[in-house]
Amino acid sequence: MDGMLALAADNLLSPIILFFALGLLAAFARSDLSIPEAIAKGMSIYLLFAIGFKGGAAVADNGIDGTLIASLIAGVVLSFLIPMVAFALLRVMTGLSVTDAAAVAGHYGSISIVTFVAATSVITSSGLDSEGYMVAVAAVMEAPAILSALWLIARYDKGAAEMEAGLMREILLNGSIVLLVGSFIIGVITGTEGLDLIAPFIVTPFQGVLCLFLLDMGLVAGRGLREARGVLKPGLFLFGMVMPLVGSMFGLATGVLLGLSPGGVVLFMTLSASASYIAVPAAMRVALPEANPSIYLTLSLGVTFPFNLTVGIPLYLAIATLVTGG
Amino acid sequence: MDGMLALAADNLLSPIILFFALGLLAAFARSDLSIPEAIAKGMSIYLLFAIGFKGGAAVADNGIDGTLIASLIAGVVLSFLIPMVAFALLRVMTGLSVTDAAAVAGHYGSISIVTFVAATSVITSSGLDSEGYMVAVAAVMEAPAILSALWLIARYDKGAAEMEAGLMREILLNGSIVLLVGSFIIGVITGTEGLDLIAPFIVTPFQGVLCLFLLDMGLVAGRGLREARGVLKPGLFLFGMVMPLVGSMFGLATGVLLGLSPGGVVLFMTLSASASYIAVPAAMRVALPEANPSIYLTLSLGVTFPFNLTVGIPLYLAIATLVTGG
Amino acid sequence: MDGMLALAADNLLSPIILFFALGLLAAFARSDLSIPEAIAKGMSIYLLFAIGFKGGAAVADNGIDGTLIASLIAGVVLSFLIPMVAFALLRVMTGLSVTDAAAVAGHYGSISIVTFVAATSVITSSGLDSEGYMVAVAAVMEAPAILSALWLIARYDKGAAEMEAGLMREILLNGSIVLLVGSFIIGVITGTEGLDLIAPFIVTPFQGVLCLFLLDMGLVAGRGLREARGVLKPGLFLFGMVMPLVGSMFGLATGVLLGLSPGGVVLFMTLSASASYIAVPAAMRVALPEANPSIYLTLSLGVTFPFNLTVGIPLYLAIATLVTGG
Amino acid sequence: MQTHQAKRVEITIESVMEGRLTKALIGAGVTGFTVLPVLGGSGRSGQWSREGQVSRAGGMVCVVCIIREEKLDDLLDAAFAVVERHIGVVSITDCEVLRAERF
Amino acid sequence: MQTHQAKRVEITIESVMEGRLTKALIGAGVTGFTVLPVLGGSGRSGQWSREGQVSRAGGMVCVVCIIREEKLDDLLDAAFAVVERHIGVVSITDCEVLRAERF
Amino acid sequence: MQTHQAKRVEITIESVMEGRLTKALIGAGVTGFTVLPVLGGSGRSGQWSREGQVSRAGGMVCVVCIIREEKLDDLLDAAFAVVERHIGVVSITDCEVLRAERF
Ligand SMILES: Nc1ncnc2c1ncn2[C@@H]1O[C@H](COP(=O)(O)O)[C@@H](O)[C@H]1O
Ligand SMILES: Nc1ncnc2c1ncn2[C@@H]1O[C@H](COP(=O)(O)O)[C@@H](O)[C@H]1O
Ligand SMILES: Nc1ncnc2c1ncn2[C@@H]1O[C@H](COP(=O)(O)O)[C@@H](O)[C@H]1O
Ligand code: NA
Ligand code: NA
Ligand code: NA
């Protein structure tokens, strides 16, 4: 228990959390601090490239695990299912319209790659290991949730428009998915040798880039929270913290059933608990323009993301350790 | 004396000075070489992040020094006072209007963080040490000079507009101040452990980024000098080299009175000698739009900055070593 | 022979080739993956800066070789001559107009710095060495080909416009030439000491940045190929693969005559074989706006560049090893 | 210099819709268009700025299309079908152009 | 397609003044505006380009605001109060808009 | 508020030609201009986007120039001499400006 608290405290005082907090504060104080859009996009490309490649190289190193395919399928299923749960919760906890509720629900089935990375850091610094292919699981969980959201709309809002042809293709070929999966595959192909070659670019400076990236996320989340004050009703706010816990339980069950390592279970919990703020919002703007973006973006980036970063991940780690006895 | 000359020569042939010179030359020759604005802003964010964090980690490591508070107060006072001196000198040496003279004076009370970094490099390569909190002193010296400038206007130009409400807030929450101070505090909190984590991002590649950044500054300064030929009268030009010397004497006195280490004294001299080209110009455009930006930007970036980089810093180092006997 | 095939396979599975392939695939699949323009420009600045500096430092280390001047002159001559050969081939192999043929020919006399870098990597990983000043040769080969192209137009198309005054100046002061040459000279001046200072920025992370840069080049080449399907007739396509082989023979002869090391010969072959996609296209848009940019850009970036990267370089290495007996 | 009457249509729309809009424009027979970046803005759906975007979902672009008057109605119909459910504005100005054969 | 008369006001102003200008516009009752980046320019205060800026002081932006004719004077008064002492230009064009209820 | 008639000329042209165009404009006696970035576009020479450029050759910019009516012809002649052989479009709109002494 003491160890757990120490870990949580450690996590709260890690540079990445503190830089996120700095961004939040700067935005609340209306500082004009901002990261140019191109730099923010560049850092996000760097992170996907590095995460994918390292995951692939780890898989090449450890060999392809028997549970790899099972994990991928489980990821897809979870990404489909979690939005249903989220939708039901939202209809109970908040007064959102069907459209807004479906849009929000879609975000929770998908994942946040930065939350995933933060969990990886915490795992590593607790001396645990995890399956390298969890990156691939993250990738397959990005998109299915979007279909769930559209299905929910079609089911509960008869007047809703049909899903546009071409949108599915667009979602699956979304830049971040292509980069993550592509780097993963290249990592698998080139293995440890490839990793050694580019480690000084993607391994050693990684934490530093992550700090700057989280500074930017703090700035964006802070501005979102400031402007969305009217929108973020208490019920919604609560949902933003309850839903990750609910999601993590699905991840826990899946991870344990699959027989993953304790670290792998934590990552599955984190993926299930996290909410998208890149791929899904973009798809929602195309497919559900009537849904209010302030709601889903603020909830995902301003509530659930910091919740997972600060409280969620250490908690998932504690639970996974307890359950797996690891 | 020989050692001093060798040091000066060494400094002149360091990569950062040479890249600044390359930028100057490219601009004079009207090459189309240019660094995209987003990249230049990104590098400046990187530098502030790295400088602040390293300063903070140094403070965490060495413990908070008794003279820290005194140094901060001294910095604020210097930043207020130096513009008065600069204003008096400008009225004597040049024919600038009250508005232009006040605007220029404001720049000299504030600081140039890149000059500060260059001085740190020179100190380190001479085997000297300096107080980690000098970064914090740099931060507190950014803004007060702006108030001095506005006060000078109000005092000497009765018709001048009042200072707009909200401007002070904007100045203090200026992005570069927030980032520098924020990173400093995070550095203090996370200490050496945090620094170890991100050192491969903010320590080892630092000098290389600095080279590229100085290339950009050379390009900008060169273009400024080329376009401002008409504006830069001999008196002004001279002021751009005399003022840093005058300023450095105030820094010397302060540093010695505070009992700083020889390295700390050099940094105090450098801060006092350097002129702002980020925070103050922005504030001046808002508060004193009638002041001609070509004058203050060219003087600060095109004359004083290279003067400090090439002649100033080695000189301040020599003087400080002589005076402190260090 | 076996060693050669292994080398070729190794090369094909290197991260940089695989990331280029990823970019190509993503573009063909119409993914929205894209690197922001500022980041792409920033990476290209980084590469020129690093290549130039390392080349200069190598020259400072090895001393100035007697054949340096001869190599530079040979480079200029090759850059002038190769477009004539290319033009003749184009008139025979394709139905291009004089204007288009001259514009394309100009690209093949000039060089691709990324192809040069890729060749350097392959050389190094085969345990060979090369002359540091080959970077300078690359720089002097950038521009002369543009004059050849304009001369070809003036010669074969009587109605063509005169070369505009000022264009030559613009070409020679092109940003990439200035940066490459400037960094080279600074590298020569500061030598190994300077290199040590900034190696963690320009040496260790270099391969990683190169991967991302090649991802971008793949994306751009892929989009170009997709859109230029109509333009890229079989004859042209063939030319894009025959011409580098022809060019490389000129490079081979020159390198051997100059008595370069086997690695140096490979680099001379690569420079002669590669086609420009930065300096020359820009000059052609100004001087020959009637020439169709889809033709020369697609050929250079979409055909010759990947050809050299995959087939060309290992082949040039094999030939050079054979011929020099190295 | 000889100039010709034309219409200049400027459509401010979310970046994610850019591809669909330009496809619709081409379908309506326009001969060309130009896309300008937008830094930020404000409207009924609130205020936003490009530097406050982690997601690529939020940005907007401005598509400018110059056409002959007789094609205006087709263009507006096509554009309207795309922007209808989406945020954004459409403005039309009278203009004159050089080189009329291009439009 | 049904269009409606409106005015299109384009204000080119220094970036540091953007916040003040948009605040003034909102104060004058505009329903929206769009901010475009500016790469460079030239005027009485000389020539400048965005890539020649170390400082954030120098850049400019262009704020476009479409409004009903009857609100034009209020807008111009508000804008003028901000740009008065500053460099920059204000131009007004007649335009037509779709979806008039938005303005 | 007092406004004055003027002409607003918008020239979309390749970036590599920007310097030549603005030089020609200054030669034609304009008092100022503003350069806007262009993200992409389409025309007779095909479709392009700024994020698909390794080379700096491909981008375009839009140069906006507000002038008094009487100077229009000089400006168009000067601009036309530059754009003639090149791709790009020129459009002219009537506008009104504040602070007429600036133009
Ligand atoms: N009156 C207006 N003038 C100029 N741009 C506008 C106006 N109204 C809306 N916009 C632009 O259109 C976007 C969406 O507007 P809206 O649909 O009202 O939320 C805004 O963010 C602005 O960029
Ligand atoms: N006649 C003009 N047409 C278009 N833009 C202009 C004009 N005059 C000035 N500008 C823009 O306004 C800025 C400031 O102009 P000025 O106040 O004349 O220095 C310039 O940098 C241009 O971006
Ligand atoms: N009708 C048009 N409306 C707006 N922009 C155009 C139009 N036609 C061409 N352009 C722009 O001018 C560029 C070159 O056009 P073109 O000379 O037709 O290839 C295009 O890439 C567009 O950016
Ligand atoms: Na999830
Ligand atoms: Na100072
Ligand atoms: Na060549």
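Trypsin sites (Lys or Arg not before Pro) within the stretch E:1-55: which are DSSP loop residues with at most 11 other Cβ atoms inside 10 Å?
E:Arg44
Counting only residues 5 or more places away or on other chains, whose amide H sits under 5 Å from the amide H of E:Gly59 once H atoms are built in the peptide plane?
So E:Gly59 has HN proximity to E:Ser15.
Once you mark the trypsin sites (Lys or Arg not before Pro) that are in a DSSP loop and have at most 11 other Cβ atoms within 10 Å, what is the longest gap between them in chain A? Please report the intermediate quantities before stating the final value.
Details: sites that count: A:Lys158, A:Arg229.
Segment A:1-157 is the longest.
Expressed as a whole number of Å, what is the distance separating the alpha-carbon centroids of the stretch C:253-274 and the stretch A:189-251?
49
Be a star and scan the stretch A:290-323 for residues whose amide nitrogen sits under 19 Å from the point 7 Å along the Cα-to-Cβ vector of A:Ser97.
Taking a point 7 Å out along Cα→Cβ of A:Ser97, the residues of the stretch A:290-323 whose backbone N falls under 19 Å are A:290-299.
For chain B, what does the alpha-carbon gyration tensor say about shape, rounded, prolate or oblate, given a ≥ b ≥ c as the root eigenvalues, a/c under 1.5 as rounded, and a/b over b/c as prolate?
In terms of gyration-tensor shape, rounded.
What is the average number of partner chain Cβ atoms found within 10 Å of a Cβ in C:41-52?
Numbers: counts 10, 11, 2, 3, 8, 4, 0, 1, 5, 1, 0, 0.
Mean inter-chain Cβ contacts per residue within 10 Å come to 4.
Please average, across the residues of D:61-71, the number of beta carbons from any other chain that are within 10 Å of each residue's own beta carbon, and give a whole number.
Details: counts 2, 5, 4, 7, 2, 5, 0, 0, 0, 0, 0.
Whole-number average of other-chain Cβ neighbours for D:61-71 is 2.
For the stretch D:8-20, just list the computed ³J(HN,Hα) in residue order, Karplus coefficients 6.51, -1.76 and 1.60, θ = phi - 60°, integers in Hz, with x standing in for Gly and Pro.
Once θ is set to phi - 60°, the couplings for the stretch D:8-20 become 10, 10, 10, 10, 9, 8, 4, 3, 4, 9, 4, x, 5 Hz.
What whole-number distance in Å separates the alpha-carbon centres of the stretch C:83-108 and the stretch E:1-61?
47
If you take the beta carbon distance between D:Met1 and B:Glu227 as r and set R0 to 45 Å, what does 1/(1 + (r/R0)^6) give as a FRET efficiency, to the nearest 0.05? List each step's numbers first, then the result.
Working: r = 32 Å, r/R0 = 0.71.
For R0 = 45 Å, the calculated efficiency reads 0.90.
When the Karplus curve 6.51 cos²θ - 1.76 cosθ + 1.60 is applied with θ = phi - 60°, which whole-Hz ³J(HN,Hα) does each residue of the stretch C:93-107 get, with x for Gly and Pro?
Residue by residue, the stretch C:93-107 yields 7, 10, x, 4, 5, 3, 4, 5, 4, 5, 4, 4, 4, x, 5 Hz.
Mind listing the phi-derived Karplus ³J(HN,Hα) values for the stretch A:30-37, rounded to whole Hz, using 6.51, -1.76 and 1.60 with θ = phi - 60°, and x for any glycine or proline?
Residue by residue, the stretch A:30-37 yields 6, 5, 8, 4, 7, 9, x, 3 Hz.
Taking H as built 1.01 Å from N, whose amide H comes closer than 5 Å to the amide H of C:Ile111, not counting residues under 5 places away?
Amide H neighbours of C:Ile111: C:Ser276.
Hey, can you rank B:98-110, A:179-191 by average C-beta count inside 10 Å, highest first?
B:98-110, A:179-191
Give me a single rounded figure for B:220-229: the average over its residues of other chain Cβ atoms within 10 Å of their Cβ. Numbers along the way, then the final one.
Numbers: counts 6, 2, 1, 6, 4, 0, 0, 4, 1, 0.
Average per residue, whole number: 2.
From the cross-link list A:Lys158/E:Lys7; E:Lys71/F:Lys23; D:Lys7/E:Lys71; C:Lys41/D:Lys7; B:Lys41/C:Lys54, which pairs have alpha carbons spaced over 28 Å apart? Each step should come with its number before you reach the end.
Values: A:Lys158/E:Lys7 40 Å; E:Lys71/F:Lys23 38 Å; D:Lys7/E:Lys71 25 Å; C:Lys41/D:Lys7 36 Å; B:Lys41/C:Lys54 26 Å.
From the list (A:Lys158/E:Lys7; E:Lys71/F:Lys23; D:Lys7/E:Lys71; C:Lys41/D:Lys7; B:Lys41/C:Lys54), the Cα-Cα distance tops 28 Å for A:Lys158/E:Lys7; E:Lys71/F:Lys23; C:Lys41/D:Lys7.
Hey, got the dipole for chain A? About the Cα centre, +1 on K and R Cβ, -1 on D and E Cβ, debye to the nearest 20?
800
For the protein assembly as shown, give the magnitude of the charge dipole about the Cα centre (Cβ charges: +1 Lys/Arg, -1 Asp/Glu; no others), in debye to the nearest 20. Can you show the working numbers first?
Details: 72 positive and 96 negative charges, 277 e Å.
So the magnitude is around 1320 debye.
Kindly identify the stretch B:1-47 as rounded, prolate or oblate by the Cα gyration tensor criterion: order the square roots of the eigenvalues as a ≥ b ≥ c, call it rounded if a/c is under 1.5, otherwise compare a/b with b/c, prolate if a/b is larger, else oblate.
oblate
Need one word for the stretch C:264-326: rounded, prolate or oblate. Basis is the Cα gyration tensor (sqrt eigenvalues a ≥ b ≥ c); a/c below 1.5 gives rounded, then a/b vs b/c decides.
Since a/c reaches 1.5 and a/b is larger than b/c, the shape of the stretch C:264-326 is classed as prolate.
Restricting attention to the stretch E:5-94, which GluC sites (Glu not before Pro) occupy a DSSP loop and are surrounded by at most 11 other Cβ atoms within 10 Å? Walk me through the numbers before you get to the answer.
Details: sites: E:Glu10, E:Glu14, E:Glu18, E:Glu51, E:Glu69, E:Glu70, E:Glu84; in loops: E:Glu84.
Sparse-neighbourhood loop GluC sites (Glu not before Pro): E:Glu84.
Bear in mind these aren't lab numbers, they're just calculated from the coordinates by the rules spelled out. Note that the coordinates shown come from a computational prediction; the quantities given were computed from them, not determined experimentally. Quick reminder, even Gly has a Cβ in these numbers, built from the backbone with ideal geometry, and neighbours come from all protein chains shown.
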